[in-house]
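Asks: Before I ask anything, let me first share the structure, which is written out below as C-alpha cells.
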Amino acid sequence: MGQKTIRWDWIGAGVGLLIGAMDYFILRLVGVVMTLGGHDMSALVVGFFALTFAALGFVNGRLMMARTRAKDDAETIAEQLEALERSQQELVQAEKLAAIGRLAAGVAHEVRNPLGVIRASASLIQEDAEEASDDHRACTFIVEEIDRLEAMISALLKFSRPERLDRRFCQTLDCLERALVLAQPALDERGAVLERDLRLDKAHALMADADLLSQVVYGLLVNAVEALDGPPLTVAVRAWSDAGVLCVEVADSGPGIDAKDAQVIFEPFFTTKARGTGLGLAIAAQIAEAHGGTLSALQAKGAGPAGQGACLRLMIPEQEEPVSS
Ligand SMILES: Nc1ncnc2c1ncn2[C@@H]1O[C@H](COP(=O)(O)OP(=O)(O)OP(=O)(O)O)[C@@H](O)[C@H]1O
Ligand SMILES: [Mg+2]
C-alpha cells in the first residue's frame, strides 16, 4: 500500500525497442543488407521488428503489473478477513461474558438466600446433636459445602460485576509483600521453597488498586502452590520495572501449562481441579486489563530446572490513565 508501482509496461517496451535497435546493428555488423527494388530496406524491416518487440514487451509488462496487483489485493483481502475474524471472536467472547454475568447475577440472587437459611438450620440442628453422632457430622458437611458454594457465588459475582478500581499511588513492594504474606501458609503447608527476586527499590510506586493487585498476585501464588506435584517444590516471584511498566512473574516447578492451553486458562470456568471454580485467572486477567495491563502465560520460564513449570506474567503500566469500567 502506498508503494510506487513499477511501470513494467514501459520498461518492457523500452527493452523491446533496444533489442530491435541491437538487431539493426548486428545485421549491419555481419553485412546483411535487405533490399527491395534496389533500395536498402534494412532500417524499415528492423524498425518493424523493433516496434513489434516493443509492443510485446509492453503487453508482457502490463501482464506482470496486473499479476502483482492481484497478489497485493489478495494479501489485503486475506489481512482484512483475518481482522474481521478476530473482531468477530472478540465480539462473541464479550457477548459470552456478558451472558455469563447476567446469568450469574440472577442465579446468585435466587440461590444465596435459601443457602443462608439451610446453613443456619444446619447449625441449629448441629447444636442439639451429639458431638460424635452422624447428625453432627452431616451438619458439618452441609455447612462446609454451603461455605464453598458461597465462595463460588462470590467469585462469580466478582467476575460478572467487576469491582470499581480504587486507584491511587501505592508502594509496589508493600503490595507484593502483602500477597506473599497471605500465601505463606499455603507455601508452608506444601513445604515449598519461595525464591524472591524483587528488583524494585523501596520508593517504587505505581498507580493502582493495591488490594486488587495483591489479590491477583496472591491468586497466582496459590495456583503455583497447587500445581506443585513433586520435588523440587519451588515457587519463584520476580518483579522489575521496565520502561514505565511493572512486570511481576510468578513461576513454579510444577508440570507447567501446555502451549495450547496458554489462552484457555484465562477463560471463565476452565479448571482442571476437582474443587476449582476456574474463575481465579479470569478475574485476575480482568483486573490486569482494568489497569491497562496484561496477564499471560509464558513458556520455558518456570521455576524448575531448565525453566520447566508454569510462569505467569503480570504487566501493569505504572502511570496509565484509569480505564473507565
Ligand atoms: N501455575 C500453574 N501451573 C499449571 N496449571 C495452572 C497454573 N495456574 C493455573 N493453571 C491452570 O489453569 C486453570 C485455571 O486456573 P484458575 O485459577 O482460573 O482456576 P482454578 O485454580 O482451577 O480454580 P480456583 O482459582 O477457583 O481455585 C487451573 O485449573 C489449571 O489447570
Ligand atoms: Mg486458581
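Asks: Show me the strands (runs of 3 or more DSSP E) found entirely inside the stretch 215-323 where at least 2 residues are touching a strand residue (DSSP E or B) at 6+ places or on another chain (Cβ under 9 Å) and near ligand 1 (Cβ under 9 Å from one of its atoms).
Replies: 245-252, 311-317
Asks: Every residue in the stretch 126-139 that is exposed (fewer than 14 other Cβ atoms within 10 Å of the Cβ), touching a His at 6+ places or on another chain (Cβ under 9 Å) and in a helix (DSSP H, G or I), please.
Replies: Those that are exposed (fewer than 14 other Cβ atoms within 10 Å of the Cβ), touching a His at 6+ places or on another chain (Cβ under 9 Å) and in a helix (DSSP H, G or I): none in the stretch 126-139.
Listed here are the residues, each with its yes/no results for (1) open to solvent by 80 Å² or more (accessible area, probe 1.4 Å); (2) assigned to a loop (DSSP other than H, G, I, E, B); (3) closer than 30 Å to Glu79 by Cα; (4) touching a residue at least 60 places away in the same chain (Cβ under 8 Å).
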site: Thr5; (1), (2), (3), (4): yes, yes, yes, yes
site: Ile19; (1), (2), (3), (4): no, no, no, no
site: Leu27; (1), (2), (3), (4): no, no, no, no
site: Val33; (1), (2), (3), (4): yes, yes, no, no
site: Val46; (1), (2), (3), (4): no, no, no, no
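Asks: Going through Ile142, Ile153, Ile118 one at a time, which residue ends up being assigned to a helix (DSSP H, G or I), under 23 Å from Arg275 (Cβ atoms) and open to solvent by less than 50 Å² (accessible area, probe 1.4 Å)? Full working, then the answer.
Replies: Details: Ile142 fails: open to solvent by less than 50 Å² (accessible area, probe 1.4 Å); Ile118 fails: open to solvent by less than 50 Å² (accessible area, probe 1.4 Å).
Ile153 is the lone residue from the list that is assigned to a helix (DSSP H, G or I), under 23 Å from Arg275 (Cβ atoms) and open to solvent by less than 50 Å² (accessible area, probe 1.4 Å).
Asks: If you don't mind, another one. Given the condition outside any helix (DSSP H, G or I), surrounded by fewer than 17 Cβ atoms within 10 Å (Cβ to Cβ) and modelled with pLDDT under 95, answer yes or no: does some residue in the stretch 186-197 qualify?
Replies: no
Asks: While we're looking at this one, here's another question. Can you tell which of Ala98, Ala105 is in contact (Cβ under 8 Å) with a residue 40 or more places away in the chain and open to solvent by less than 90 Å² (accessible area, probe 1.4 Å)?
Replies: It is Ala105.
Condition check ((1) out of contact with any Gly (no Cβ under 6 Å at 6 or more places or on another chain); (2) under 25 Å from Ala208 (Cα atoms); (3) not assigned by TED's automatic domain parsing to the domain that holds Asp209) across all residues:
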position: Val264; (1), (2), (3): yes, no, no
position: Glu267; (1), (2), (3): yes, yes, no
position: Phe270; (1), (2), (3): no, no, no
position: Leu279; (1), (2), (3): yes, yes, no
position: Ala282; (1), (2), (3): yes, yes, no
position: Glu289; (1), (2), (3): yes, yes, no
position: Gly292; (1), (2), (3): yes, yes, no
position: Ser296; (1), (2), (3): yes, yes, no
position: Cys311; (1), (2), (3): no, yes, no
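Asks: Which one is nearest to ligand 2 (Cβ to nearest atom) among residues in the stretch 266-288 that are of a type in the set (A, V, I, L, M, F, W, C) and open to solvent by 20 Å² or more (accessible area, probe 1.4 Å)?
Replies: The residue in question is Leu281.
The values are calculated or read from the model by the stated rules, or taken from the named source; none is laboratory data. The structure displayed is predicted, hence computed values, not measured ones. Note: ideal-geometry Cβ built from the backbone for every residue, glycine included; neighbour counts use all protein chains shown. Side chains included, ligands, DNA and RNA excluded: accessible areas come from the protein's heavy atoms. Shrake-Rupley method; radii C 1.70, N 1.55, O 1.52, S 1.80 Å.
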